[in-house]
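*Asks:* Below is a structure I'd like to ask you about.
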């Protein structure tokens, strides 16, 4: 006897379909909703765990194939939306109201392109439809405003029942706070640790972040006060470690990674920046200026994923200087594609951890 075309039968044929990252049934995860049947037309909502889902097209295709096995189905329409899950809370750390996931982009060494990665990952997530904030925790060398085209932005201070609250600047779909907004352009920050800890906590708790799916924290290099303040203050969904392929950078990145592991912060993986150079006049050529394979080898040795490799291109540097991230200014470039993939992988891993 043929199965009847109704809501129950649609759910049954979709039950074996899994989210490839979560490895659980879409039906069990309540990702299939609002099923409607009109003659032979079947429509429903597919609610993903992040707008930046890297396997979105495969999941949609699997759903369509499953529903089409039912007799009488003529058309399948799927409305794809997303609800980002909130990271697990920790009893000894204070979360931020309205912020679902706090992620750090860090490194053990300066000059590896950590801020470039943080800015482009934040913008990539925003482009995908997520609500994103960027906290520039590099108090001594804040440059996120330059990279997001906000060098001349004015941060408003509001009075609330909890005291003064900063209103973040906004561009390219990303909210931003930075020490650069609070000091003159050439003014150095000459502070000891306690003052640095205080301003980072202010950026966490005394900023009107609103509702965010992801708060990306651009960390300073090293393994010092800023990293300790972040890891011990807020529940962090994870950290991505940025390195370049050469040994001197990899040695420092290993120390940074081990520090976060000791502080019980999940390590999402390693990002290898400046993996190879693509000359603008010879786009099919690649030059391993800083060596090759270092990030992959280190990730394998330390048992963490390699999130991606970003080539070195002139437009990548130009975008950072001009305030137009390469994922906006040159979206079809090799480095922009690599950065979007890295953002998707980070978002996917955060969702897996939140629903584990």
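The values are calculated or read from the model by the stated rules, or taken from the named source; none is laboratory data. Since this is a predicted model, take the numbers as computed values, not measurements. Backbone-built Cβ (ideal geometry, glycine too); neighbour counts: all protein chains shown.
Rundown of residues vs (1) surrounded by 13 or more Cβ atoms within 10 Å (Cβ to Cβ); (2) within 30 Å of residue 201 (Cα to Cα); (3) assigned by TED's automatic domain parsing to the domain that holds residue 251; (4) at pLDDT below 95, yes/no style:
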{"site": "22", "(1), (2), (3), (4)": "yes, no, no, yes"}
{"site": "44", "(1), (2), (3), (4)": "yes, no, no, no"}
{"site": "108", "(1), (2), (3), (4)": "yes, yes, yes, yes"}
{"site": "130", "(1), (2), (3), (4)": "yes, yes, yes, no"}
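*Asks:* Can you find even one residue in the stretch 274-286 that is in contact (Cβ under 8 Å) with a residue 60 or more places away in the chain and in the same structural domain as residue 336 (by TED's automatic domain parsing)?
*Replies:* Yes, that holds for at least one residue.
*Asks:* Here's a follow-up. Restricting attention to the stretch 8-58, which residues are touching a residue at least 60 places away in the same chain (Cβ under 8 Å) and assigned to a loop (DSSP other than H, G, I, E, B)?
*Replies:* Those that are touching a residue at least 60 places away in the same chain (Cβ under 8 Å) and assigned to a loop (DSSP other than H, G, I, E, B): 21, 22, 29, 49, 50, 51, 52, 53, 54, 55.
*Asks:* Out of all the residues in the stretch 117-127, is one or more closer than 19 Å to residue 214 by Cβ and part of a loop (DSSP other than H, G, I, E, B)?
*Replies:* no
*Asks:* Then there's this: Quick one: which of 61, 77 is more than 11 Å from the chain's Cα centre (by Cα), assigned by TED's automatic domain parsing to the domain that holds residue 35 and in a helix (DSSP H, G or I)?
*Replies:* Residue meeting the stated conditions: 61.
*Asks:* Right, another one. Please work out which one of (1) outside any helix (DSSP H, G or I); (2) closer than 18 Å to residue 123 by Cα is the condition residue 317 fails and give its number.
*Replies:* (1)
*Asks:* Residues that are in contact (Cβ under 8 Å) with a residue 12 or more places away in the chain, assigned by TED's automatic domain parsing to the domain that holds residue 219 and in contact with a helix residue (DSSP H, G or I) (Cβ under 9 Å, 6 or more places away or on another chain): list the strands (runs of 3 or more DSSP E) wholly contained in the stretch 144-199 that include at least 1 such residues.
*Replies:* Filter on the stretch 144-199 gives 163-167, 169-171, 174-178.
*Asks:* Go through the residues of the stretch 279-296 one by one and say whether even a single one is closer than 30 Å to residue 24 by Cα, more than 15 Å from the chain's Cα centre (by Cα) and surrounded by fewer than 18 Cβ atoms within 10 Å (Cβ to Cβ).
*Replies:* So far as the stretch 279-296 goes, yes, one or more of its residues are closer than 30 Å to residue 24 by Cα, more than 15 Å from the chain's Cα centre (by Cα) and surrounded by fewer than 18 Cβ atoms within 10 Å (Cβ to Cβ).
*Asks:* Continuing with this model, one more query. When the residues of the stretch 212-250 are narrowed to those that are over 24 Å from residue 145 (Cα atoms) and free of Cβ contacts under 8 Å to residues at least 60 places away in the same chain, which ends up surrounded by the fewest Cβ atoms within 10 Å (Cβ to Cβ)?
*Replies:* My answer is 247.
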